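The values are calculated or read from the model by the stated rules, or taken from the named source; none is laboratory data. As the structure is a prediction and not an experimental result, all values here were calculated from the model. Glycine also receives a Cβ, built like all others from the backbone with ideal geometry; neighbour counts cover every protein chain displayed. We work out accessible area using only protein heavy atoms, side chains counted, and drop any ligands, DNA or RNA first. Shrake-Rupley method; radii C 1.70, N 1.55, O 1.52, S 1.80 Å.
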Amino acid sequence: MTETPTTPQPGKFKLPANIVSDVFSPLLMPTYAMIAAMWLTPLCLLPVGNRVSATAGIAFITCIIPLVFIFTMIRLGRVADVSISDPRQRRAPYIVALLCYIGAAVFLASLKAPLWLVVFYGAGAIVLLLNLFITAKSKISAHTSAVGGTCALIFWLTLRGYLLFSPLVWVSVAFLMVGIMAWARLYLYRHTLGQVAAGAALSFSVVFVALCIL
């Protein structure tokens, strides 16, 4: 994970790679995971209004709050861009994101959500904490980390029989997204192969083990 990505070169797939990075960014993956939990598991039996409000709450806590903080840091000159490309600038945003994941877990617990859903966001906080320590000395892909954690949730739901609709399709899509995100980060020269692999493996392992312990 200590090697440096090669100098970027123009490429015809730069736009698709950027779209993948933005659409499945670390800020959005917690919301996508919540959508999957609300509409693909037995939680789909809840009233639509309850599912929408719970998902909106997760989106506010794990996406809007960190995004506002990042934009504030950009205006103050503490962060160069929304992607926080410079690892040296990631400490404060990571801490805020970690606190937001903890807040998401507390929020879901207050709604009496299933324990596995609370544990998922708690495990996400652990992943962020580990990434924070790693970033202090090296670099790890936050993008593949976010996708890897969501993939672990989908995989665990499939194994437990909680994924009610086309489970094999969804678990295949989840693993495919990990590969596509890894390709995008490599194609854009934002990370090395070791860094994208480490991000995905670390997050998948932590989330899956936490859910299995549950």
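Would you mind pulling out the separation of the Cα centroids of the stretch 22-46 and the stretch 184-214, in Å?
19 Å
Kyte-Doolittle mean at least 0.0 and Cα extent at least 18 Å along the axis: which DSSP H helices of the chain qualify?
Sorted by number, the helices that extend far enough and score high enough are 91-110, 115-135, 142-160, 167-187, 193-213.
Rounded, prolate or oblate, given the Cα gyration tensor of the stretch 1-121, with a/c below 1.5 counting as rounded? Working shown, then result.
Working: a/c = 2.44, a/b = 1.70, b/c = 1.43.
Prolate, because a/c is 1.5 or more and a/b exceeds b/c.
What do you get for trypsin sites (Lys or Arg not before Pro) in the stretch 123-214 restricted to DSSP loop and a cutoff of at most 14 other Cβ within 10 Å of the site's Cβ?
When the trypsin sites (Lys or Arg not before Pro) of the stretch 123-214 are filtered for loop state and at most 14 Cβ neighbours within 10 Å, Lys137 remain.
Please sort by residue number the chymotrypsin sites (Phe, Trp or Tyr not before Pro) in the stretch 1-103 whose DSSP state is loop and whose Cβ has at most 16 other Cβ atoms within 10 Å.
Answer by residue number: Phe13.
On the accessible surface of the chain, probed at 1.4 Å, how many percent belong to carbon and sulfur atoms?
Numbers: 7700 of 10710 Å².
That fraction is 72 percent.
Per DSSP H run of at least 4 residues, take -39500 (n - 2.57); add these up for the chain, divide by its residues and hand me the 222 nm value, nearest 500 deg cm²/dmol.
About -23000 deg cm²/dmol.
Go through 147-156, 45-54 and give me the packing order, highest mean Cβ count within 10 Å leading.
147-156, 45-54
Accessible area per residue for the chain in Å², computed with a 1.4 Å probe and the full protein assembly in place, what is it?
50 Å²
Would you please state the base-10 log of I(q)/I(0) at q = 0.17 1/Å for the chain, with intensities from the Debye formula using one equal scatterer on every alpha carbon?
-1.21
Could you give the length gained by full extension between Ser85 and Ser138, i.e. 0.36 nm per residue of separation minus their alpha carbon distance, to one decimal place?
17.8 nm
Using Cα centres only, tell me the gap between the stretch 73-144 and the stretch 147-166 in whole Å.
Value for the Cα centre distance between the two parts: 21 Å.
Quote the relative contact order of the chain in percent (integer), defining contacts as alpha-carbon pairs under 8 Å separated by 6+ residues.
Over the chain, the number comes to 30 percent.
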